[in-house]
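What follows is a single structure, written as structure tokens, with notes after it.
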Amino acid sequence: MKNLIILYNPYYQNDVIEQHLKVLIENQKVAFGKVKSKLKNTEHSFQDELEKIYKNVDESNHLQLFLTDYSSIYVAKVVAVSNDDLYDLAPAYYKEKNLEVETWYVISDICEIVKNDFEKTRDEILANFTTTNFGNHTYAVYGNSYVYPLIVDMKYEIDYFDCEDEEFRFYPDIFKSQKFLNIKQNLIDYSFGSKYIYNLHPNSLSNIISSEIELQEHKLDNTYDFSSIVIKYSKTLEQEIYLFIKTLFKFLIDKNPNIQNIPYSVQGRDYIVQDIFNHKPNFGTYKYLLKDENIKETIALNLEKIESFFIQKKLINYIYYIQEIRNETVHDKPATLNDAKSLRDKILGIAQESILIELVKSKKMILERT
């Protein structure tokens with residue numbers, strides 16, 4: 001997966017994202033144009049490298065395009081790149097203002113990461129990027145000589161569009177209600193902090209916030225079935241555990257390549273560990289693999305005791321807990337307020353450490369060792 005950054009300029013249009021969103025909602029796709037700068041006539045220094053990236057972009061191999069004006073930052077799922085005339089798939093202002101587009105990016109989804117907060121954009125998101133063609137240094141907001149589109153890597157890698165539900169889209173909810181934003185800020189202030197919240201998958205964050213809204217609206221209703229909340233919390237944990245497992249096994253395979261060929265089966269189908277990166281296994285698979293002697297030995301040799309303890313003990317216990325909660329919900333037993341609160345407390349870290357923060361911390365420690 002490749003990542004690019006483009007600075008969008010309000011000078012050309014003061015509601016750039018909103019205009020593209022309107023077309024996206026109507027057509028399920030929208031073309032975003034990299035407008036040719038009137039101030040620069042120089043050729044992009046890394047155009048050949050960009051062309052190689054563009055050549056491999058399609059529906060099954062998307063490009064992440066980060067769009068920012070420094071106040072806000074969004075990430076778009078790009079499924080095609082073209083130099084053809086795509087004005088008809090773009091907002092009308094491109095034609096109306098005679099904007100010369102050098103490259104079109106066909107977008108099938110877009111996710112809001114930070115809105116109207118320069119410091120969070122700079123310190124939490126842009127600071128996670130390294131500039132591939134500028135010495136691999138951390139992205140610099142000030143005093144840089146970047147030419148856009150800018151190729152970047154992520155220190156802490158997030159595929160924002162890696163969702164279990166292939167039909168899921170972020171763009172219908174991109175501009176959230178004030179209630180949604182207030183709850184998000186409360187989660188930053190009292191649960192996760194900005195240090196961790198932006199390391200969660202956006203789908204996880206949306207599930208947590210929508211669960212909070214639903215819980216607050218119905219917590220006094222003794223007849224309400226809280227199963228939908230429990231399911232959203234469970235999906236959040238499933239998503240974050242899967243992302244952690246992928247990070248863990250990438251690290252372990254680097255240390256011991258034999259691990260990638262360890263076999264396992266799911267519902268009668270045979271797989272090897274390498275398949276985990278493309279096929280999400282079930283919780284039973286995680287428990288099975290983490291008991292493998294070769295994997296246990298590689299963990300013990302390459303990770304600190306506290307990291308090994310989290311993986312071999314705490315993570316497995318969390319998996320058992322989630323399986324138990326999920327099985328009760330699947331078997332048509334209505335979830336109670338206490339069921340929802342119990343899971344909520346573990347996720348948000350109320351009177352205990354948050355499962356999600358533990359997962360993020362452990363993932364960060366592993367990434368620092370790569």
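The values are calculated or read from the model by the stated rules, or taken from the named source; none is laboratory data. Computed from a predicted structure; not experimentally measured. Cβ placement follows ideal geometry from the backbone for every residue including glycine, while neighbour counts extend to all protein chains displayed. What goes into the accessible areas is simple: the full protein's heavy atoms, side chains included, and nothing from ligands, DNA or RNA. Shrake-Rupley method; radii C 1.70, N 1.55, O 1.52, S 1.80 Å.
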Legend entry - Counting all C-alpha pairs of the chain, share separated by more than 30 Å (%): 45 percent
Inset, instruction - State, in angstrom, two size descriptors of segment 101-169 derived from its alpha carbons: Rg to one decimal place and Dmax to the nearest whole number. - result: 14.2, 41
Legend entry - Separation of the residue 56 and residue 181 label points, Cα + 7 Å toward Cβ, nm: 3.8 nm
Legend entry - Where GluC sites (Glu not before Pro) fall in DSSP loop in segment 20-88, at most 11 other Cβ within 10 Å: 43, 59
Legend entry - Per-residue HN-Hα couplings for segment 71-87 [Karplus 6.51, -1.76, 1.60; θ = phi - 60°; Hz; x = Gly/Pro]: 7, 10, 8, 10, 10, 10, 8, 9, 10, 6, 10, 8, 9, 6, 6, 10, 4
Legend entry - Positive-pole candidate from 220, 33, 343, dipole of the chain, charges at beta carbon: 343
Legend entry - Sites residue 189 and residue 167, calculated FRET efficiency, Cβ-Cβ separation with R0 30 Å, nearest 0.05: 0.35
Inset, instruction - Hey, can you grab everything whose amide H is under 5 Å from the amide H of residue 110? Only 5+ residues off in sequence or another chain; H modelled, so Pro and N-termini drop out. - result: 77, 170, 171
Legend entry - Assigned charges on the beta-carbon of Lys, Arg, Asp, Glu; segment 167-217 dipole about Cα centre (debye): 220 debye
Legend entry - Solvent-accessible heavy-atom area per residue, rounded to whole Å², over the chain at 1.4 Å: 51 Å²
Inset, instruction - Anything in the chain that counts as a DSSP H helix reaching 15 Å or more along its axis (C-alpha) with Kyte-Doolittle mean of at least 0.5? List them, would you? - result: 355-368
Legend entry - Separation of alpha-carbon centers, segment 25-101 and segment 158-214, rounded to whole Å: 26 Å
Inset, instruction - With only Lys, Arg, Asp and Glu charged, each at its Cβ (+1 for the first two, -1 for the last two), find how big the charge dipole of the chain is about the Cα centre; round to the nearest 20 debye. - result: 800 debye
Inset, instruction - Select from segment 270-370 those trypsin sites (Lys or Arg not before Pro) which occupy a DSSP coil region and have at most 13 other Cβ atoms within 10 Å, ordered by residue number. - result: 291, 369
Inset, instruction - Once you have the Cα-Cα distance between residue 297 and residue 147, take 0.36 nm times their residue separation minus that, and quote the gain in nm to one decimal. - result: 49.4 nm
Legend entry - Amide H partners (placed H, <5 Å) of residue 13, local residues excluded: none
Inset, instruction - Translational diffusion coefficient, Stokes-Einstein: compute it for segment 1-84 using the Kirkwood radius over C-alpha pairs as Rh, at 37 °C and 0.692 mPa s, and state it as an integer in µm² s⁻¹. - result: 232 µm²/s
Legend entry - Of all accessible heavy-atom area on the chain, the percent that carbon and sulfur account for (1.4 Å): 46 percent
Inset, instruction - Tell me the chymotrypsin sites (Phe, Trp or Tyr not before Pro) within segment 1-94 that lie in a loop according to DSSP and have at most 10 other beta-carbon atoms within 10 Å. - result: 11
Legend entry - Computed [θ] at 222 nm, deg cm²/dmol, the chain (DSSP H ≥ 4; -39,500 (n - 2.57); rounded to nearest 500): -13000 deg cm²/dmol
Inset, instruction - Report relative contact order for the chain in percent, whole number only (criteria: Cα-Cα under 8 Å, sequence separation at least 6). - result: 15 percent
Legend entry - Estimated D of segment 167-214 in µm² per second, where Rh is the Kirkwood radius over Cα pairs and Stokes-Einstein applies at 25 °C, 0.890 mPa s: 219 µm²/s
